[in-house]
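Report on one structure; see the data block that follows.
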């Protein structure tokens with residue numbers, strides 16, 4: 001157990017150092033642009049369906065749970081606003097990152113881990129190609145760009161799912177729902193969602209790539225790295241989300257003031 005914990009801590013430290021390297025290389029413009037475009041396609045359009053399906057059901061279920069309670073107090077006019085705040089501030093950025101961690105983070109760890117154990121990473125060094133520039137930076141840039149976009153998609157489709165449930169199951173009107181969203185949701189809420197999504201996207205790419213680069217032990221090691229990368233990313237997302245929420249949402253909120 002101690003050995004596993006020590007190895008995990010070592011890999012986590014390697015991921016932190018790797019994030020610094022990636023930032024430095026990006027600032028210097030050392031990015032493989034073709035790989036970046038390919039990774040953006042994989043992280044964005046290829047992930048759109050799963051994000052859309054998940055978001056519409058998340059919005060629908062949240063509306064069912066919230067509307068039935070608010071209607072008891074005659075507060076049907078706040079259902080849309082509460083749904084919008086929950087989606088934009090928390091559910092959309094966190095769940096989008098979770099979906100990408102399962103889809104892209106695992107793929108990064110498996111692909112780069114396989115390259116590591118088959119000595120393809122060493123071949124890149126022989127060819128005077130930096131793996132950070134060729135493999136890691138494109139993935140980080142792609143995830144940092146596409147995660148905020150997918151988060152907006154998640155929030156929009158989630159509110160659509162909530163709207164459908166509100167109209168069909170609770171006899172709410174379109175105008176009441178949309179007016180509630182407009183009254184509750186502000187630009188700062190959208191900005192915080194983008195900040196969170198940007199950070200989470202970078203974490204998904206960094207952890208997946210770092211765990212792949214530190215893979216040992218052949219095919220078994222690749223499987224272990226893939227699992228560990230996903231679990232570590234999920235835990236990191238929840239911890240960092242708590243920190244960011246504390247920093248971005250301080251003081252008394254004004255959304256529910258009438």
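The values are calculated or read from the model by the stated rules, or taken from the named source; none is laboratory data. On a predicted model such as this, the values are computed, not experimentally measured, just so you know. FYI the Cβ positions are ideal-geometry reconstructions off the backbone, even for glycines, and counts take in every protein chain you see.
Quick look at the values:
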read-out: Matching residues, segment 27-41, being at pLDDT 90 or above and in contact with a helix residue (DSSP H, G or I) (Cβ under 7 Å, 6 or more places away or on another chain); value: 35, 36, 39, 40
read-out: Hits in segment 158-190 (condition: buried (at least 19 other Cβ atoms within 10 Å of the Cβ) and more than 30 Å from residue 230 (Cβ to Cβ)); value: 163, 165, 166, 172, 177, 180, 181, 184, 185
read-out: Test: residue in segment 83-99 that is free of Cβ contacts under 8 Å to residues at least 60 places away in the same chain, surrounded by fewer than 16 Cβ atoms within 10 Å (Cβ to Cβ) and over 15 Å from the mean Cα position of the chain (by Cα); value: no
read-out: Test: residue in segment 138-153 that is farther than 24 Å from residue 51 by Cβ, touching a helix residue (DSSP H, G or I) at 6+ places or on another chain (Cβ under 9 Å) and not in a loop (DSSP other than H, G, I, E, B); value: no
read-out: Unique match (being surrounded by 19 or more Cβ atoms within 10 Å (Cβ to Cβ), without any contact (Cβ under 8 Å) to a residue 40 or more places away in the chain and not in a loop (DSSP other than H, G, I, E, B)) among 193, 205, 236; value: 236
read-out: Qualifying residue in segment 121-133 (condition: in contact (Cβ under 8 Å) with a residue 40 or more places away in the chain, closer than 30 Å to residue 172 by Cβ and either in contact with a helix residue (DSSP H, G or I) (Cβ under 7 Å, 6 or more places away or on another chain) or outside any helix (DSSP H, G or I) (or both)); value: no
read-out: Any pair with Cβ under 8 angstrom, 6 or more apart, that starts in segment 11-27 at a residue that is surrounded by 11 or more Cβ atoms within 10 Å (Cβ to Cβ) and ends at one that is outside any helix (DSSP H, G or I) and at pLDDT 90 or above; value: 11/214; 14/214
read-out: Condition met for residue 157 (in a helix (DSSP H, G or I) and within 20 Å of the chain's Cα centre (by Cα)); value: yes
read-out: Members of segment 165-181 found to be touching a residue at least 40 places away in the same chain (Cβ under 8 Å) and over 16 Å from residue 70 (Cβ atoms), listed by number; value: 178
read-out: So residue 60, is it in a helix (DSSP H, G or I) and crowded, with 18+ Cβ neighbours inside 10 Å; value: yes
read-out: Number of the condition not met by residue 94 [criteria: (1) closer than 20 Å to residue 200 by Cβ; (2) at pLDDT below 90]; value: (2)
read-out: Scan of segment 101-120 for residues that are more than 22 Å from the chain's Cα centre (by Cα) and surrounded by fewer than 20 Cβ atoms within 10 Å (Cβ to Cβ), ordered by number; value: 114, 117, 118, 119, 120
